[in-house]
Amino acid sequence: MTAIQILEKLGANASFNPSHLNEEDKLGIQQTLSDTKPFNAIQSQTPPDEEEIPEQNQDDEKNDEKES
Amino acid sequence: MSEINKTGSIVCVSTGMTLGAHMSPICRSHIEQADVVFAACHPMIELWLQEMNSDVRSMQQFYGEGKDRRITYREMVAAMMSEVRAGKKVVGAFYGHTGVFAWAPHKVIEEAKAEGYAAHMEPGISAEDCLYAHLGIDPGTYGCQNFEASQFMFYQRNIDPSAYLILWQVAIAGDKTVKRFSTGPAYRQLLIELLTEHYPLDHKVALYECPTLAIDEARIDWIPLSDFTHADISLITTMVIPPSKKMHKNQQILDRLAELDKKFQ
Ligand SMILES: C[S@@+](CC[C@H](N)C(=O)[O-])C[C@H]1O[C@@H](n2cnc3c(N)ncnc32)[C@H](O)[C@@H]1O
């Protein structure tokens with residue numbers, strides 16, 4: 001079983017207990033976890049006012065000024 | 001709304017919060033049968049989705065520190081819509097409940113419907129659902145209010161301190177730039193100031209984080225409101241504020257109900 005399949009089973013099966021994991025499985029999960037990229041959980045935003053959303057990505061100062 | 005007569009379609013599905021535990025059978029089925037799955041989930045959940053479908057595309061790439069998040073969300077919608085327009089069966093898989101505090105799923109469904117494509121949302125288990133279980137609170141006991149922390153700061157909201165208050169996205173509370181991945185102590189201090197209109201500084205609030213993996217425990221830290229300034233929080237932290245006041249009887253309505261009872265007994 002892959003690390004993800006083990007985690008799926010842990011999540012879905014009430015009798016599949018984390019303490020039953022062997023060292024190899026634990027290591028596999030740790031390895032998979034450490035290989036993942038950071039997670040941006042933010043998906044909603046209330047803008048401070050009803051202004052237009054800028055057309056494209058602008059990392060410049062100009063946009064900063066407009067927003068604040 | 002135009003008639004549904006085109007081949008492309010979009011379903012926004014909910015993955016739930018904990019890998020393996022929360023996804024409904026219908027969400028899983030949509031993922032398995034999709035031509036392409038766009039994912040906005042924890043990377044471990046995205047790996048899980050890859051076991052259900054061979055074309056899973058992460059939307060984490062659209063984020064960037066210093067990039068306006070409204071652009072990020074529009075890029076998500078554009079990516080999903082371009083495949084819908086190409087006639088594909090598209091799934092947008094968003095973590096938790098796909099439609100809770102998430103802009104892109106609602107927007108893509110609205111756009112797809114307006115262009116005549118089949119589009120709908122499948123509900124799921126949100127952070128809010130999990131916190132009721134983990135914190136042992138029932139929103140029906142005193143009522144419950146939910147706000148995005150920044151919105152709570154930007155606009156004058158009438159809150160009821162005799163009900164629960166849940167604040168989402170507290171890590172970026174007060175971010176007017178819509179670009180940051182965190183604000184900081186000075187911004188949190190201002191949020192506390194706003195909250196002290198209704199809650200004493202020593203009022204206990206919970207910092208809650210539901211586990212993504214079943215091997216982890218939920219984080220439930222009860223702290224005095226004043227300690228929030230320097231508390232350890234992240235983009236997944238939700239703040240839960242229990243009532244600070246008792247519910248007050250509405251005597252006028254109670255009297256009128258008594259009159260009605262007499263009449264209709
Ligand atoms: C954009 S909202 C998405 C909510 C998600 N759609 C849901 O159904 O829960 C992001 C916010 O949800 C909350 N959240 C996300 N993951 C969480 C977790 N693991 N535990 C507790 N709250 C979480 C936090 O308040 C976070 O800032």
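The values are calculated or read from the model by the stated rules, or taken from the named source; none is laboratory data. Keep in mind that this is a model prediction, so the values were computed, not measured. When we count neighbours, we look across all protein chains shown, and the Cβ atoms used for this are built from the backbone with ideal geometry, even at glycine. Each accessible area value is taken on the protein alone, full model and side chains, heavy atoms only, with ligands, DNA and RNA left out. Shrake-Rupley method; radii C 1.70, N 1.55, O 1.52, S 1.80 Å.
Among the residues of the stretch B:37-54, just one is within 14 Å of A:Ile42 (Cα to Cα), facing another protein chain (nearest Cβ under 7 Å) and open to solvent by less than 10 Å² (accessible area, probe 1.4 Å), namely B:Ala40. Condition (residue is in a loop (DSSP other than H, G, I, E, B), over 20 Å from B:Gly99 (Cβ atoms) and hydroxyl-bearing (Ser, Thr, Tyr)) applied to the stretch B:43-56: is it met by at least one residue? Taking every residue of the stretch B:43-56 in turn, at least one turns out to be in a loop (DSSP other than H, G, I, E, B), over 20 Å from B:Gly99 (Cβ atoms) and hydroxyl-bearing (Ser, Thr, Tyr). Across the stretch B:61-101, the qualifying residues are those that are within 20 Å of B:Lys179 (Cα to Cα) and touching a residue at least 40 places away in the same chain (Cβ under 8 Å), and the one among them that is surrounded by the fewest Cβ atoms within 10 Å (Cβ to Cβ) is B:Glu65.
Filtering the stretch B:219-241 to residues that are closer than 16 Å to B:Asp129 by Cα and either among the acidic types (Asp, Glu) or open to solvent by less than 30 Å² (accessible area, probe 1.4 Å) (or both) leaves B:Thr237, B:Thr238, B:Met239, B:Val240, B:Ile241.
From the list B:Thr212, B:Thr229, exactly one residue is more than 29 Å from B:Ile125 (Cα to Cα) and β-branched (Val, Ile, Thr). Which is it?
Within the list B:Thr212, B:Thr229, the selection yields B:Thr229.
I'd like to check something: does the stretch B:184-206 contain any residue that is within 14 Å of the ligand (Cβ to nearest atom) and assigned to a loop (DSSP other than H, G, I, E, B)? For the stretch B:184-206, residues within 14 Å of the ligand (Cβ to nearest atom) and assigned to a loop (DSSP other than H, G, I, E, B): absent. The condition of being in contact with a Phe, Trp or Tyr (Cβ under 6 Å, 6 or more places away or on another chain), open to solvent by 20 Å² or more (accessible area, probe 1.4 Å), away from the ligand (no atom under 15 Å from the Cβ) and basic (Lys, Arg) holds for B:Arg57. A search for C-beta distances below 9 Å between a residue of the stretch B:150-171 that is over 27 Å from B:Arg69 (Cβ atoms) and any residue that is away from the ligand (no atom under 16 Å from the Cβ) and open to solvent by less than 20 Å² (accessible area, probe 1.4 Å), counting only pairs 6+ apart in sequence or on different chains, returns B:Pro161/B:Tyr199.
Filter the stretch B:102-121 for residues that are surrounded by fewer than 18 Cβ atoms within 10 Å (Cβ to Cβ) and of a type in the set (Gly, Ala, Ser); which is nearest to B:Ala39 (Cα to Cα)? The residue in question is B:Ala118.
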